[in-house]
1. Considering only residues of the stretch 338-380 that are open to solvent by 50 Å² or more (accessible area, probe 1.4 Å) and in contact with a Leu (Cβ under 8 Å, 6 or more places away or on another chain), which is nearest to GLY304 (Cα to Cα)?
2. Given the condition among the aromatic types (Phe, Trp, Tyr), free of Cβ contacts under 8 Å to residues at least 12 places away in the same chain, in a helix (DSSP H, G or I) and surrounded by fewer than 19 Cβ atoms within 10 Å (Cβ to Cβ), answer yes or no: does some residue in the stretch 293-306 qualify?
3. Could you please let me know if ALA65 is outside any strand (DSSP E or B), open to solvent by less than 30 Å² (accessible area, probe 1.4 Å) and at pLDDT 90 or above?
4. Can you pull out the residues in the stretch 238-273 that are at pLDDT 95 or above and within 26 Å of the chain's Cα centre (by Cα)?
5. Could you give me the residue pairs with C-beta distances under 7 Å whose first residue belongs to the stretch 200-213 and is basic (Lys, Arg), whose second residue is open to solvent by 20 Å² or more (accessible area, probe 1.4 Å) wherever it lies, and which are 6+ apart or on separate chains?
6. From the list GLU123, GLU108, exactly one residue is acidic (Asp, Glu), under 30 Å from THR224 (Cα atoms) and open to solvent by 50 Å² or more (accessible area, probe 1.4 Å). Which is it?
7. When the stretch 168-215 is examined, which residues are found to be of a type in the set (D, E, K, R) and assigned to a loop (DSSP other than H, G, I, E, B)?
8. Filter the stretch 131-147 down to the residues that are part of a loop (DSSP other than H, G, I, E, B), modelled with pLDDT of 90 or more and not basic (Lys, Arg), then identify the one that is surrounded by the most Cβ atoms within 10 Å (Cβ to Cβ).
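The values are calculated or read from the model by the stated rules, or taken from the named source; none is laboratory data. Predicted, not measured: the structure shown is a model, and the values here were computed from it. With ideal geometry, Cβ positions are generated from the backbone for all residues, glycine too; neighbour counts draw on all protein chains shown. Surface areas here come from the heavy atoms of the whole protein model, side chains and all, with no ligands, DNA or RNA. Shrake-Rupley method; radii C 1.70, N 1.55, O 1.52, S 1.80 Å.
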Amino acid sequence: MAAEMQQQDGAGEIVIAGAGLAGLAVALGLHRKGVRCVVLESSPVRRTSGFAFFTWTNAFRALDALGVGDKMRGRHLQLQGVRVVSSSTGKVAQEMDLRVKGKLGPHEVRCVHRNVLLQALEEELPAGTIRYSSRIVSIDHDELHDGSAKILHLADGTTLRAKVLIGCDGINSVVAKWLGLAKPSDSGRLATRGLAHYPDGGHGFEPKILQLVGEGFRAGVVPTSDTDVYWFFTWSPSPDGAKDGAVDRTPAAMKQFVLATMRGAQVSAQVLEAVERSEMSDVLAAPLRFRSPLSLLFASISKGNVCVAGDALHPTTPDLAQGACTALEDAVVLARCLGDALVAGGGAGAEEERIEAALRSYAGIRRWRSAQVIAASYVVGFFQESDHPVVSFVRDKLLSGVLARTLLMMPDHDCGKL
């Protein structure tokens with residue numbers, strides 16, 4: 001019992017579940033506000049899955065607010081445009097400049113290595129902030145000491161006491177389940193990704209996002225630097241499994257599935273070479289899931305002193321490349337709302353009321369934005385991936401410009417400063 005109480009007392013006042021992008025960004029935002037927190041991560045070491053992600057204008061505004069934007073700019077190419085190519089014809093359906101000005105200023109996008117950003121965030125945090133191998137299995141009210149506090153039961157049998165709990169624990173979030181959020185839905189699509197290395201440079205790709213749409217798959221190829229090229233591939237498996245590579249999902253087999261599918265369409269030799277020489281993701285064929293945007297409009301994003309952010313809040317399909325970007329937005333808004341509440345004066349009762357009001361304010365700010373991103377991503381993915389003749393005609397002849405411009409609509413957002 002004494003050991004358990006020692007664990008509870010040493011929990012830190014603010015507990016963040018998950019040391020992914022959202023969790024570390026929230027922790028850094030709170031640190032910038034002068035608020036101490038502890039981050040619980042289920043993995044034994046920093047997570048490295050995912051390779052890279054698109055960091056759009058809205059994400060760089062968030063990273064600048066956190067003080068790490070320039071670190072990312074210095075290590076990743078700025079992308080100048082988007083080229084959308086029909087996989088059915090091999091022809092360019094749409095081309096767009098990414099350096100244009102939006103309503104809030106000039107656009108900026110880079111493809112950032114996930115591990116580089118995670119490391120940069122962690123380096124800015126006080127030593128000991130992250131506790132690895134710490135997985136929350138259940139959450140209870142602390143009825144003995146303070147009804148508003150939460151007792152977190154960990155997989156190793158220890159417990160922690162927290163006056164604020166922030167769930168950044170991903171799509172299978174324990175905290176989101178405790179809040180009663182709707183279970184993420186299966187989109188019926190799968191995704192895989194890879195990273196091609198060109199040690200001597202000379203990959204030949206322009207600093208642009210190359211998108212391939214149609215023929216039942218959606219793919220993208222983008223240089224992250226002079227030596228690395230990131231690619232992704234999403235598809236809808238057929239009912240009989242003939243189109244999903246389900247028989248063997250080893251790295252070699254998955255790579256051959258992607259290559260075979262691309263070779264059956266109008267895909268350039270340069271793209272095929274990038275896939276051939278790539279390192280495959282450790283997540284070889286991940287199902288694409290999303291939370292119903294309608295459910296989020298009425299859900300309890302926060303309840304008392306508990307809330308969620310990142311994929312725990314708004315899991316979405318990757319078709320607008322906004323999942324990580326909106327997670328960084330969440331982090332800045334949440335750190336600002338909660339940080340201001342915690343640094344204000346007053347007794348324990350007043351602080352408890354300020355915390356609950358701060359989390360309600362955060363939830364109100366992020367609710368519509370989250371639903372908007374999820375809905376728009378799903379619609380774009382449906383049109384870009386479909387191989388239905390009617391949908392393909394509408395996409396290639398009528399909607400290619402609209403779908404491409406949607407890429408710039410979501411990043412034209414400012415989450416504000418800390």
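1. Among them, the one singled out is ARG354.
2. Yes, the stretch 293-306 contains at least one residue that is among the aromatic types (Phe, Trp, Tyr), free of Cβ contacts under 8 Å to residues at least 12 places away in the same chain, in a helix (DSSP H, G or I) and surrounded by fewer than 19 Cβ atoms within 10 Å (Cβ to Cβ).
3. yes
4. Result: VAL271, single match.
5. Close Cβ pairs (under 7 Å, with a partner that is open to solvent by 20 Å² or more (accessible area, probe 1.4 Å)) amount to LYS208/GLN80; LYS208/ARG83.
6. After ruling out the rest, the residue left standing is GLU123.
7. ASP169, LYS183, ASP200, GLU206, GLU215
8. SER134
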